[in-house]
Every structure is written in C-alpha cells, then in structure tokens.
C-alpha cells in the first residue's frame with residue numbers, strides 16, 4: 001500500500017480478502033477469488049496503483065450440503081475525485097459483490113452471493129512503503145498514457161529524472177489536479193464548437209420554419225449576401241446584403257426580404273447601421289473559416305481514435321460528443337435567436353442565434369464526451385450473471 005494525498009490506495013502488494021457470504025446465501029464463502037486484467041495500473045517504484053473496475057472470478061465455492069460452484073463479481077470504486085487514467089482509484093477496504101451458482105449432488109442449482117473486499121497485505125516494516133519516505137531520485141511514476149489518451153511515447157515507458165532533467169514525482173506527489181492535467185486528450189471540441197454554426201440550420205422560433213444559415217438555398221449564381229434567415233427551399237428569406245440599394249439610391253448595407261415582413265417587421269431594402277455592417281463583414285469570413293474548423297475538428301477526433309489506448313471507448317465518446325454538439329447548437333441557438341429577435345429583429349436574431357449555437361455546441365460536445373465515456377465504462381464493467389439451468393425431470 002502507498003499513500004496518495006495522505007490516502008491509502010491499493011497497489012499490487014494488496015490482495016483480495018477472504019470473501020464473506022451475504023445474508024441468506026447458502027455458500028460458505030470459501031471460494032478463491034482471482035482478479036482479472038480489467039483494472040488499470042499506474043506503475044510506481046513500490047507497486048502499481050489500481051484504478052477502475054476490478055473484475056473477479058470466484059472458483060471452488062461450496063455449501064454445507066455438498067454443493068459446489070463458481071461466480072463472477074466486481075469491485076467498483078465510488079465516484080471520487082482521486083482519479084488516474086480517467087478512472088477512480090481503488091482504496092483499501094473498497095467492497096463489491098460476487099454472484100454465482102451452486103450445484104448440489106442432485107444437480108439442483110442455487111444462487112449464492114458473497115462480499116468482496118480489497119485488503120492490505122501484511123508487509124514487514126522494512127519493506128512496507130511509507131508516505132513521505134520515498135525520495136524523488138528513487139524514481140518515478142509512469143503514467144501508461146491513460147485510457148483513450150493520445151500517446152506521446154510507448155505505453156509503460158519510464159520517464160526518468162535524467163531524461164527530464166529533474167526529479168520525477170513520488171507517489172505522494174500525485175494529486176487529482178496533476179492527474180487531470182495529464183489526461184487532456186487531443187480533442188475536436190473547440191474547432192467543432194466554434195464552427196458548427198456554419199453547417200447547421202439554427203431554427204428561429206415563431207417564424208414557421210425559418211432558420212439562420214450562411215449560404216443561400218436554391219440560388220443559382222453568385223450572391224453578395226452573407227447571412228440568410230430562410231426556409232428550407234429559400235422562397236422565404238431575409239438576407240443581409242451589400243451593394244446598390246434601389247430604395248436609398250446608394251451603395252450600402254441593407255436587408256433584402258421576401259415574405260418575411262410579417263415575422264420581423266423589416267421592409268425590403270431596409271438599410272442597416274454600423275451593427276449590420278459588422279455582422280455582414282464577420283459573416284463574410286466566418287462562413288468559410290467555420291467550415292474549415294469543423295473539418296479540422298473531424299480530423300483531430302479521427303486521429304484521437306486511432307491513437308487511443310482503447311479506440312472503441314474514444315469512438316463512443318466522439319460520436320456522443322458530435323451528436324450532443326449538434327443538439328446543443330440547435331436548442332441553445334434557437335433560444336438565442338428568440339431572445340435576439342425580441343431585442344433587435346434581424347441583427348439581434350442572427351447574433352443571438354449564432355452565439356447561442358456556439359455556446360450550445362461547445363457545452364454539448366464536452367457533455368456528450370463525458371456521457372459517452374461513462375456509458376462505455378459502465379458497459380465494460382457490467383457483469384452478466386448466468387441464468388439458472390433448468391434440467392428436465394427424469
């Protein structure tokens with residue numbers, strides 16, 4: 001056992017305690033538990049810190065009536081702040097449950113269950129590592145480039161003091177903040193969140209299907225407009241334009257509209273002020289750079305899947321993140337467009353909608369990424385109990 005931030009954590013010098021039968025279970029609790037290779041490790045000089053779900057196989061279980069059997073179980077550490085490789089650290093005395101089946105000499109099956117518990121193995125005072133007794137030069141924590149994190153070098157390779165020019169951290173120096181800083185993966189969150197507004201129709205509530213877009217629909221030829229609030233076929237639209245204004249007889253920034261006056265109260269060829277000019281020029285460049293950002297985000301996420309220690313886990317997180325970013329852009333963007341319309345129809349509609357889409361896209365991506373990882377971890381740590389076999393009566 002070693003200490004991290006003063007807390008006793010499980011290392012390879014620990015072992016599974018003798019199982020204890022659960023109340024009502026016919027088993028004697030005499031099975032032999034064996035840990036599988038599911039849990040993650042962080043290598044240290046004096047042992048490997050265990051993190052994640054500990055899967056256990058139980059063999060040799062018996063009961064007083066001569067039944068024998070086996071089972072499976074797991075120890076799931078609570079959701080605690082102390083995490084390594086994105087997974088909570090297993091602490092001394094963490095418990096779990098093993099479920100199995102006992103078969104008596106007549107072939108009758110009976111379910112059984114027992115409690116699993118990690119325990120501290122008795123070590124001599126000389127060999128037992130103590131918190132604060134490990135000098136920095138005794139070497140190092142090696143983070144095996146945590147699950148789903150892009151690897152900068154081969155997994156499990158040591159980072160020594162001589163390579164880094166400074167002493168490597170001791171187990172006592174590991175903290176949640178330092179772990180989290182090392183777990184930041186390559187992610188397409190920022191480029192996707194910033195650019196998603198250019199590839200999605202941002203709905204404008206109360207306008208019977210109009211949405212904010214940066215390119216026209218069903219329009220042939222080159223347009224001088226850079227921002228469109230339009231329906232799906234482009235027949236109804238309010239577009240921000242720059243050029244000769246037939247109403248003012250000058251070249252200026254103005255709105256062109258068709259069948260949208262009742263929704264926004266903006267007349268055709270209505271001039272816009274400085275805010276409209278800024279919006280026009282911003283949209284002129286953003287509509288292209290935004291799409292480039294989305295493509296960059298897609299490439300980065302694809303690369304992160306390829307380089308991840310567990311590609312399927314990372315892929316689950318990426319798919320969930322993109323879906324949530326899309327939904328967040330739609331929902332928060334619609335709210336922003338509604339609020340912006342109430343303040344300044346047209347210009348406020350666009351600013352509120354696009355701003356809300358960016359906020360919703362970013363938050364949706366990060367939230368979806370966490371949900372995807374949590375779902376994968378839950379599925380990976382789930383143990384399916386075998387159904388009781390029913391034998392035909394002779």
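Values as computed for the structure displayed
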{"item": "Members of the stretch 306-332 found to be under 17 Å from residue 191 (Cβ atoms) and in contact with a strand residue (DSSP E or B) (Cβ under 8 Å, 6 or more places away or on another chain), listed by number", "result": "329"}
{"item": "Among the residues listed as 319, 354, the single one being surrounded by fewer than 19 Cβ atoms within 10 Å (Cβ to Cβ), at pLDDT 95 or above and not in a loop (DSSP other than H, G, I, E, B)", "result": "319"}
{"item": "Matching residues in the stretch 248-269 - criterion: being surrounded by 17 or more Cβ atoms within 10 Å (Cβ to Cβ) and in a loop (DSSP other than H, G, I, E, B)", "result": "260, 266"}
{"item": "Output for the stretch 96-113, where each listed residue is on the phi < 0 side of the Ramachandran plot and not in a strand (DSSP E or B)", "result": "104, 105, 106, 108"}
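Yes or no, residue by residue, for (1) at pLDDT below 85; (2) surrounded by 15 or more Cβ atoms within 10 Å (Cβ to Cβ); (3) touching a helix residue (DSSP H, G or I) at 6+ places or on another chain (Cβ under 7 Å):
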{"position": "167", "(1), (2), (3)": "yes, yes, yes"}
{"position": "177", "(1), (2), (3)": "yes, no, no"}
{"position": "181", "(1), (2), (3)": "yes, no, no"}
{"position": "184", "(1), (2), (3)": "yes, no, no"}
{"position": "191", "(1), (2), (3)": "no, yes, yes"}
{"position": "212", "(1), (2), (3)": "no, yes, yes"}
{"position": "221", "(1), (2), (3)": "yes, no, no"}
{"position": "230", "(1), (2), (3)": "no, yes, no"}
{"position": "233", "(1), (2), (3)": "no, no, no"}
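The values are calculated or read from the model by the stated rules, or taken from the named source; none is laboratory data. What you are looking at is a predicted structure, and each value in this text was computed from that prediction instead of being measured. Virtual Cβ from ideal backbone geometry, glycine too; neighbours counted across all protein chains shown.
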